[in-house]
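Structure record follows, encoded as structure tokens.
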Amino acid sequence: MWYKEWLTVRFKLVLMIAVYTLFGGALCLVYSSRGTSYMKLFDYWILIGGVITLMIGVLGGLDTFSDEVGKNTLSFLLTRPVSRRKIFLSKVGLYGLGMIIIYPLISFVIFLADHTPHYFNNYGYLNGNYCNQEFLGVAAAEMINTTNAIIATALVLLAGLGGLALSTLVSIFTRSAMQTLTVTLVILLPFVVALAPAIQTTVYSIKFISFSNREDVTDFLRIVLPEMLLVVGLYIAGFISFKRKMF
């Protein structure tokens with residue numbers, strides 16, 4: 001069962017690596033040529049990578065069940081001596097595991113690039129030459145520390161896994177990937193548009209959170225816990241729906 005799903009999902013994983021590498025490399029090149037900036041390279045990566053990761057999650061779940069329902073192959077699969085729990089986990093787990101591995105690895109490379117002396121670290125242009133931003137009279141953007149970078153990466157990854165959970169849930173009730181995409185976007189876009197300013201502020205302010213400060217931790221948990229519960233709830237709803245639905 002797992003091998004069958006691996007054959008199905010491996011192209012998606014290769015495409016995922018290509019998309020992250022392309023956008024990450026392009027961001028590094030653009031950022032290195034801009035000179036001064038009030039945000040660091042990793043700050044931009046979290047914002048842009050967040051959008052990419054959410055879309056990768058949504059696209060990854062479009063054909064989880066819908067294509068097999070449309071082709072009437074899922075009903076045959078359910079006649080085999082394999083539990084619905086194993087089918088659900090194999091279909092969602094491999095792609096989700098790929099996201100959990102690939103996005104943090106690319107983020108780690110971006111984080112190292114952001115901390116590379118001279119090339120990215122608080123330098124700008126003056127008459128075609130690199131100069132320290134303090135010399136230019138520009139306030140250097142504050143560098144995110146390792147702990148907060150891990151937290152920011154985990155939050156973005158959580159959003160992507162939430163997108164995967166939502167599209168997987170929708171695909172149980174549709175008969176094609178296009179139907180799944182349409183319904184998922186109708187559900188998702190209003191929330192994304194409404195919460196976009198708050199999301200941007202939250203992501204940017206993560207670098208200033210001190211996890212040794214109880215008030216900062218409390219405020220952070222107020223934001224994160226509802227998101228975690230929502231994502232877990234989507235996966236539970238997907239599993240229950242798949243377990244009980246007649247195909």
Task: From I223, I236, I172, I144, residue being within 30 Å of V82 (Cα to Cα) and either at pLDDT 95 or above or within 20 Å of the chain's Cα centre (by Cα) (or both) - done: I236
Task: Check on T53, in a helix (DSSP H, G or I), within 21 Å of L97 (Cα to Cα) and either touching a residue at least 40 places away in the same chain (Cβ under 8 Å) or not aliphatic (A, V, I, L, M) (or both) - done: yes
Task: Every residue from segment 210-233 that is over 17 Å from L54 (Cα atoms), in contact with a helix residue (DSSP H, G or I) (Cβ under 7 Å, 6 or more places away or on another chain) and part of a helix (DSSP H, G or I) - done: I223
Task: Restricting segment 8-35 to residues that are of a type in the set (S, T, Y) and under 19 Å from L112 (Cα atoms), the residue that is surrounded by the fewest Cβ atoms within 10 Å (Cβ to Cβ) - done: S33
Open item on the list: I'd like to know if segment 149-157 contains one or more residues that are among the aliphatic types (A, V, I, L, M), surrounded by fewer than 16 Cβ atoms within 10 Å (Cβ to Cβ) and more than 24 Å from L97 (Cβ to Cβ).
Closed with: no
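So if I check each of E5, E68, which one is at pLDDT below 85, within 27 Å of L158 (Cβ to Cβ) and either of a type in the set (D, E) or touching a Lys or Arg at 6+ places or on another chain (Cβ under 6 Å) (or both)? Talk me through it step by step, then tell me what you get.
Working: E68 fails: within 27 Å of L158 (Cβ to Cβ).
Sole residue among the options that is at pLDDT below 85, within 27 Å of L158 (Cβ to Cβ) and either of a type in the set (D, E) or touching a Lys or Arg at 6+ places or on another chain (Cβ under 6 Å) (or both): E5.
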- [ ] Would you please list the contacts, defined by Cβ atoms under 7 Å and residues six or more apart or on different chains, that run from a residue in segment 69-97 that is touching a residue at least 60 places away in the same chain (Cβ under 8 Å) and among the basic types (K, R) to a residue that is crowded, with 16+ Cβ neighbours inside 10 Å and outside any helix (DSSP H, G or I)?
- [x] K91/T64
Task: Considering residues of segment 79-93 that are within 31 Å of the chain's Cα centre (by Cα) and part of a loop (DSSP other than H, G, I, E, B) only, the residue farthest from G163 (Cα to Cα) - done: V82
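The values are calculated or read from the model by the stated rules, or taken from the named source; none is laboratory data. Computed from a prediction, not measured in an experiment: that's the story for all the values here. Using ideal geometry, Cβ is built from the backbone for each residue, glycine included, and neighbour counts are taken over all protein chains shown.
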